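Some notes on the structure that comes next.
Where a number appears in this text, it was derived from the coordinates with a stated rule and is not lab data. Keep in mind the model is a prediction, meaning the values are calculated, not measured. Don't worry about glycine lacking a Cβ; one is built from the backbone with ideal geometry, like all the others, and counts go over all protein chains shown.
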Amino acid sequence: MGKTFKTELQVRSYELDFYGHVNNAIYLNYLEYARGNYLEQVGFSFKGLIKQDVYLLVARVEMDYKAPAHMSDWLEIEGFIEKFGTKSLVFRQIIRNRTSAELVLDARSTLVFVNGKRKTIPIPDNFKEKFL
C-alpha cells in the first residue's frame, strides 16, 4: 500500500433517493470525484494526463455498501492504490460518514492506462512515484 489520500464532501439533496438516503449510483460519482482530487494532490490532473496522451479508464468497480448516508452528512473518502500492475492498478476507496462515524462504503476500482487510440500502455513511471 502506498500513500493514503483523503477528500471530503457534503451530501446534497438531489443525491437522495425515495428513501431519503444517498442513491446507490451516486457513490460512483463520489469515487470519481475523489480520484480526481487525489490526482491533484500529487500534482496530476486528468487534463494534464490527456496532454501526455495518457488516459485512465475504469474497467471494473466493486462496491460494498455498509450504511446509508443522508442529506447534509459530511463524508470522508480515503483512498490508496492497493495494487499496481504493469498497465492497470486497483484503487481502494473507503467512505466514512463523519457525521455519524459509520463506515458507509468500501470500494475497489480497477483502472487501465491507455493512449488516445485506446491501446493499453504501461503505467508511467512518474505516476507510480507519486503514489508510492
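Pairs exceeding a 18 Å alpha-carbon distance, out of Lys87/Lys119; Lys87/Lys128; Lys47/Lys87; Lys3/Lys47: Lys47/Lys87; Lys3/Lys47. Couplings 3J(HN,Hα) of the stretch 98-112, computed from phi: 5, 5, 9, 6, 8, 6, 9, 8, 10, 10, 10, 10, 9, 10, 10 Hz, in residue order, whole Hz [Karplus 6.51 cos²θ - 1.76 cosθ + 1.60, θ = phi - 60°; x for Gly and Pro]. Computing Kirkwood radius over Cα pairs in Å directly from the structure and comparing it against (i) 16.4; (ii) 15.5; (iii) 15.1 singles out (ii). Counting only residues at least eight positions apart within a chain, or on another chain, the aspartates and glutamates with an alpha carbon under 19 Å from that of Lys130 are Glu32, Glu40, Asp53, Glu78, Glu82.
Sites listed here are GluC sites (Glu not before Pro) in the stretch 76-123 whose DSSP assignment is loop and whose Cβ has at most 11 other Cβ atoms within 10 Å, and the list is empty. Nearest 10 degrees, 0 to 90: what angle lies between the long axis of helix 26-41 and the longest principal axis of the chain (Cα atoms)? Approximately 50 degrees, to the nearest 10.
Other residues with beta-carbon under 15 Å from the beta-carbon of Phe46 carry, at +1 per Lys or Arg and -1 per Asp or Glu, a net charge of +1.
The Cα atoms of the stretch 10-66 give a gyration tensor whose axes a ≥ b ≥ c have a/c of 1.5 or more with a/b greater than b/c, which makes the shape prolate.
For Glu82, the residues 5 or more places off, or on other chains, whose built amide H falls under 5 Å of its own are Val90, Phe91, Arg92.
The sum of -39500 (n - 2.57) across all DSSP H runs of n ≥ 4, divided by the residue count of the chain, sets its helix-only mean residue ellipticity at 222 nm to -6500 deg cm²/dmol. Between the alpha-carbon centres of the stretch 25-57 and the stretch 104-125 there is a gap of 10 Å.
If you wrap the tightest convex hull around every Cα atom of the stretch 57-132 and split its volume per residue, you get 111 Å³.
For the stretch 51-66, 3J(HN,Hα) computed residue by residue from phi via the Karplus equation (6.51, -1.76, 1.60; θ = phi - 60°) reads 4, 8, 6, 10, 10, 9, 10, 7, 9, 7, 9, 10, 10, 10, 7, 10 Hz, glycine and proline entered as x.
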